[in-house]
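This report concerns only the one structure given below.
The values are calculated or read from the model by the stated rules, or taken from the named source; none is laboratory data. Here the structure is a predicted model, which is why all the values come from computation and not from measurement. Quick reminder, even Gly has a Cβ in these numbers, built from the backbone with ideal geometry, and neighbours come from all protein chains shown.
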Protein chains: 2
Amino acid sequence: MKLTEAEWQIMNALWSEWPATARQIAGRLPDDINWAYTTIKTMLTRLTDKNAVKESKKGNIGLYEPILTRQNAQRSALKSLANQAFDGAFGPLMHFLVAEEKLSGKQKEELLQALTEGEQKDGGKEQSK
Amino acid sequence: MKLTEAEWQIMNALWSEWPATARQIAGRLPDDINWAYTTIKTMLTRLTDKNAVKESKKGNIGLYEPILTRQNAQRSALKSLANQAFDGAFGPLMHFLVAEEKLSGKQKEELLQALTEGEQKDGGKEQSK
DNA sequence: TGACAGCTTCTACATATGTAGTAGAATTAC
DNA sequence: GTAATTCTACTACATATGTAGAAGCTGTCA
């Protein structure tokens, strides 16, 4: 599932708490976003068509909830990026991150933690196109 | 600098070796991409307009070379992704990668290496919007 | 000195994306 | 119970993106 930039905004707002009305979502968008109410409705309709959210009605008011999980959205966004910009490999991607972006000591520790933690379990999850 | 999906394809082909002609770029695209020659020219023109590549002429033949570096393109793609999908923070992004994607032992080792390597030098590079 | 083949620039067009207005139905507020 | 408010469903429209055709140059090979 591929989300556009505007759709990410809506989904981020929706993931934070749901079910939610369009009005509530409007209230949760970043301050620098000032979309008309109908713009939000349009996005919500498109996301519903895409099966990323589900709409139900309480009276005549639409209640929205995510079908696509944040985790899945993140996963596929990362996969696209890896394919597109890093020859499909996560290794170089992470390497790039570690090398390029300065991490705080705490972040590094957490990462080390996560890295060694994962050591026990193995998985054959392959990423393909 | 924001590249579209199609533009990434062209740029990937161009970064691999340049200067290059449109014909050469065509030859380097992934097998599953079969764009008309003029499609490639169109992309190249758009990338030139965007200042991502520079065109020069050898006779009447266009020679292209990247202005935007792969590293910079990767950096900004990652930044967008982080902002869009991970609340602007690289830490969680990496954490997600480490937790979600199964890395080979070698990759982990390289990462650990990279993580501890970076330890000496510090940097104040902050990522903002 | 043409006939081709390959290159170039322009133009075109469908679909996707961002953003919102309108008009009518439902709800709320006196 | 009527006016103001708030929703909802449709429609609209500009710009971005993917993809390519047409027509005119240019160089080359017989």
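Tally up the residues in region A:44-70 that are part of a helix (DSSP H, G or I), farther than 15 Å from B:F96 by Cα and under 15 Å from the mean Cα position of the chain (by Cα), please.
Going through region A:44-70 one residue at a time, the tally reaches 1.
Look at region B:55-70 and say how many of its residues are surrounded by 14 or more Cβ atoms within 10 Å (Cβ to Cβ) and within 13 Å of DNA strand C (Cβ to nearest atom).
Qualifying residue count for the region: 4.
With the checklist (1) at the interface with chain A (Cβ under 9 Å from one of its Cβ atoms); (2) surrounded by fewer than 16 Cβ atoms within 10 Å (Cβ to Cβ); (3) β-branched (V, I, T) in hand, flag the one item B:V98 doesn't pass.
Condition (2) is where B:V98 drops out.
Can you tell me which of (1) farther than 30 Å from B:S104 by Cα; (2) out of contact with any helix residue (DSSP H, G or I) (no Cβ under 9 Å at 6 or more places or on another chain) is the one A:K41 doesn't meet?
(2)
Every residue in region A:8-38 that is outside any helix (DSSP H, G or I), within 8 Å of DNA strand D (Cβ to nearest atom) and either within 12 Å of another protein chain (Cβ to nearest Cβ) or touching a helix residue (DSSP H, G or I) at 6+ places or on another chain (Cβ under 8 Å) (or both), please.
The answer is none; no residue qualifies.
Keeping to region B:71-106, report how many residues are within 21 Å of the chain's Cα centre (by Cα), within 21 Å of A:P30 (Cα to Cα) and among the charged types (D, E, K, R).
Matching residues across region B:71-106 total 1.
Given the conditions (1) in a loop (DSSP other than H, G, I, E, B); (2) at pLDDT 95 or above; (3) surrounded by 12 or more Cβ atoms within 10 Å (Cβ to Cβ), report the number of the one that B:A73 does not fulfil.
All conditions pass for B:A73, except number (1).
Going by the structure shown, is B:L93 within 8 Å of chain A (Cβ to nearest Cβ) and either more than 11 Å from DNA strand C (Cβ to nearest atom) or of a type in the set (A, V, I, L, M, F, W, C) (or both)?
Here the answer is yes, as B:L93 does meet what is asked.
With A:N51, A:N12 as the choices, which residue is closer than 30 Å to B:R70 by Cβ and at pLDDT 95 or above?
Among A:N51, A:N12, only A:N12 is closer than 30 Å to B:R70 by Cβ and at pLDDT 95 or above.
All but one of (1) within 13 Å of DNA strand C (Cβ to nearest atom); (2) in contact (Cβ under 8 Å) with a residue 40 or more places away in the chain hold for A:N83, so report the exception by its number.
Evaluating A:N83 over (1) within 13 Å of DNA strand C (Cβ to nearest atom); (2) in contact (Cβ under 8 Å) with a residue 40 or more places away in the chain leaves (1) as the failure.
Yes/no per residue for (1) hydrophobic (A, V, I, L, M, F, W, C); (2) near DNA strand C (Cβ under 10 Å from one of its atoms); (3) exposed (fewer than 13 other Cβ atoms within 10 Å of the Cβ):
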site: B:K2; (1), (2), (3): no, no, yes
site: B:A13; (1), (2), (3): yes, no, no
site: B:W18; (1), (2), (3): yes, no, no
site: B:G27; (1), (2), (3): no, no, yes
site: B:M43; (1), (2), (3): yes, no, no
site: B:R46; (1), (2), (3): no, yes, no
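Consider region A:62-79. How many of its residues are under 22 Å from B:A6 (Cβ atoms) and within 8 Å of chain B (Cβ to nearest Cβ)?
Here the count works out to 2.
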